[in-house]
Ligand SMILES: Cc1ncc(COP(=O)(O)O)c(C=O)c1O
């Protein structure tokens, strides 16, 4: 069976990490993979996560299976993170949540649900989007289409083009929107623009799927739900995929969730019954540890407050690097305008570097950036900034 199997191409992002690890240059810089690094280049375990783990070690008394939809306390906390405690959706019980193995697991379950329960529905993805969106939904059997998003002239949002694209989407299709910190561009609509998008989607009968992988990394944990809250004023039915990989640093614990918001408690339960079926034949039930950590931290007033500060530290460091990057390039006499990077949010930005420039940076300077020119700002540190900007200047 195996003689004729061809070697699969490396993953465009994770393959680069393997190359980075193999590079012997002590001054190498990794701006490719979507993982937060502190000023020392380390991906830390948050102190609130450590504290929660200590408590769990004492408390945990079973390794029995979780329900297909995971830990109920975790699912409650997920909804409070998304909408805020006491929101009408929570009070009316119009949402149902399933704990999933990471945001990726949630997206795949959503894809399986959409493909099997709504056959013929296509999914519309922003151009550009996180590369894995295409592959996850294609693997689930969905047809992926693109909608306009970024204005290459300004490196900002082309809102008119976005609205014009949406007007062409047929009723019954699905649109994926990034909750905040759009990956890969770092460009988000304003709350006012979200409200307009909500009107358009409601009028056309398009189902939004909100991918919320960076809550807390744009402006603040509560502030970052502003777009979603505008959307749910206009649209009564949607799917939301949450990830706690970035804002809790729980990457390897695979901690995510799929939430369905429906017209009524009954409708939410019916849709969740279909989602549960897909969970059963994918992975049966989710891993427990990450969800327990999130539920412990968010369920404890003091730990939650401390966690909010830890997220702010992550966010502030990234934003400082955005400023320092633009400033250092300017000081080095680079005339190309990189100032839009200061406005962008989250871990990523589009640098505007061409594929050739990216390859030169990799081969000659051991600086690793994905081919599209997307940079992970969190890979920058005060120590590597000078070398990074010098190298960029030389390839421009
Ligand atoms: C936009 C987006 N969605 C979802 C994910 C999935 O995150 P995870 O599966 O690690 O929770 C990522 C991770 O990089 C992402 O950038």
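The values are calculated or read from the model by the stated rules, or taken from the named source; none is laboratory data. Because the structure is a prediction, the values reported are computed rather than measured. Methodologically, a virtual Cβ is constructed for each residue, glycine included, from the backbone with ideal geometry; neighbour enumeration extends over all protein chains shown.
Can you tell me how many residues within the stretch 254-263 are in contact with a strand residue (DSSP E or B) (Cβ under 8 Å, 6 or more places away or on another chain) and away from the ligand (no atom under 16 Å from the Cβ)? Give the steps one after another, and end with the answer.
Taking the stretch 254-263 as the starting set, the residues that turn out to be in contact with a strand residue (DSSP E or B) (Cβ under 8 Å, 6 or more places away or on another chain) are 254-262.
Then drop every residue that is not away from the ligand (no atom under 16 Å from the Cβ), which leaves 260-262.
The total comes to 3.
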If the Cβ limit is 6 Å and pairs must be 6+ apart or interchain, which residue in the stretch 227-249 that is in contact (Cβ under 8 Å) with a residue 12 or more places away in the chain pairs with which residue that is away from the ligand (no atom under 16 Å from the Cβ) and assigned to a loop (DSSP other than H, G, I, E, B)? 236/263; 237/262
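So that you can scan it fast, the table gives a plain yes or no per residue for (1) touching a residue at least 60 places away in the same chain (Cβ under 8 Å); (2) touching a helix residue (DSSP H, G or I) at 6+ places or on another chain (Cβ under 6 Å); (3) under 28 Å from residue 375 (Cβ atoms):
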residue	(1), (2), (3)
5	no, no, no
24	no, no, yes
34	yes, no, yes
57	no, no, no
64	no, no, no
102	yes, no, yes
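One line per residue, one yes/no per condition, for (1) surrounded by fewer than 19 Cβ atoms within 10 Å (Cβ to Cβ); (2) within 16 Å of the ligand (Cβ to nearest atom):
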position	(1), (2)
203	yes, no
240	no, yes
244	no, yes
252	yes, yes
270	yes, no
275	no, no
284	yes, no
291	no, yes
299	yes, no
Within the stretch 180-201, restricting to residues that are away from the ligand (no atom under 16 Å from the Cβ) and under 28 Å from residue 117 (Cβ atoms), the one that is surrounded by the most Cβ atoms within 10 Å (Cβ to Cβ) is 197
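Go over the candidates 309, 266 one by one and state the one that is surrounded by fewer than 18 Cβ atoms within 10 Å (Cβ to Cβ), more than 16 Å from the ligand (Cβ to nearest atom), modelled with pLDDT of 95 or more and within 24 Å of residue 178 (Cα to Cα).
After applying the criteria, what remains is 309.
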Does residue 353 satisfy the criteria of being part of a helix (DSSP H, G or I) and touching a helix residue (DSSP H, G or I) at 6+ places or on another chain (Cβ under 9 Å)? no
Top-ranked residue of the stretch 348-367 - restricted to ones that are at pLDDT below 95 and within 23 Å of residue 38 (Cβ to Cβ), ranked as surrounded by the fewest Cβ atoms within 10 Å (Cβ to Cβ): 351
